[in-house]
Amino acid sequence: MATSVQPAENTIHGFTIVTNVVPAGTGHYGQNTEAGASTKGLFRQLLKGDPKALGVVQIMIGIITFMLGIVSALFFESVSRVTGVMFWGAVFYMVSGGLSVGASKKAHGCLVKGSLVMNVFSAVAAGISIVVLAIDIAIGLSYGIAGIQLVLAVLEFIISICTSAFACKATCCNDPVSDRISSYIL
């Protein structure tokens, strides 16, 4: 183990400051980190939520929603056609899914924060889609396609909220200074 303790005395206040030196390329106290995936400190909470699987599901929901939106726009006059929610919502779903997959492969702060922001946008888009598609079903314009899109919008809403919660725990709720201190103490 290449960790060394170097005591230094602060002569002004009489306190002793102890620092730990950890060699580059290793985790805390000589534990090697896995190549390609950082599971240290801030991003453990994100990886607990399995963002890769949730991101793939989001991408698939976006693709199916977009395709059903094309069919719905061509053959039915509906509120969802007027708002275009099946198109711009599907784009939000696919982008947030892609960022979630990227954040799971390389838990970099910008990717995690981007995933958080896009998942919040996806949750809002899914909420709007739920309202619009419920209106479509209530009016009785296209029960089948609107029903399938409504189920997908509810599923996307749940996934976006869950992914946002894990990303928020990874970025917003952790104090990096106290995380570093607690990792040295343990």
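Contact map, the stretch 55-80: first residue among the acidic types (D, E), second residue surrounded by 14 or more Cβ atoms within 10 Å (Cβ to Cβ), Cβ cut-off under 8 Å, separation 6 or more or different chains; pairs are E77/L141. Sub-7 Å Cβ pairs linking a first residue in the stretch 126-152 that is among the polar types (S, T, N, Q) to a second residue that is surrounded by fewer than 18 Cβ atoms within 10 Å (Cβ to Cβ), at least 6 apart or interchain, are S142/F76, ordered by first then second residue.
Restricting attention to the stretch 98-113, the residues being assigned to a helix (DSSP H, G or I) and more than 8 Å from the chain's Cα centre (by Cα) number 8. Being over 15 Å from L54 (Cβ atoms) and either modelled with pLDDT under 95 or outside any helix (DSSP H, G or I) (or both): is that true of L141 here? Judged against the criteria, L141 is a match. Summed over the stretch 44-61, residues that are under 13 Å from C162 (Cβ atoms) and at pLDDT 85 or above total 5.
Conditions (1) under 30 Å from C172 (Cα atoms); (2) buried (at least 18 other Cβ atoms within 10 Å of the Cβ), marked per residue:
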{"residue": "K52", "(1), (2)": "yes, no"}
{"residue": "M60", "(1), (2)": "yes, no"}
{"residue": "G69", "(1), (2)": "no, yes"}
{"residue": "V112", "(1), (2)": "yes, yes"}
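The values are calculated or read from the model by the stated rules, or taken from the named source; none is laboratory data. The shown structure was predicted, so the numbers you read here are calculated from the model rather than taken from an experiment. Every residue, glycine as well, gets a Cβ built from its backbone with ideal geometry; the counts of neighbours run over all protein chains shown.
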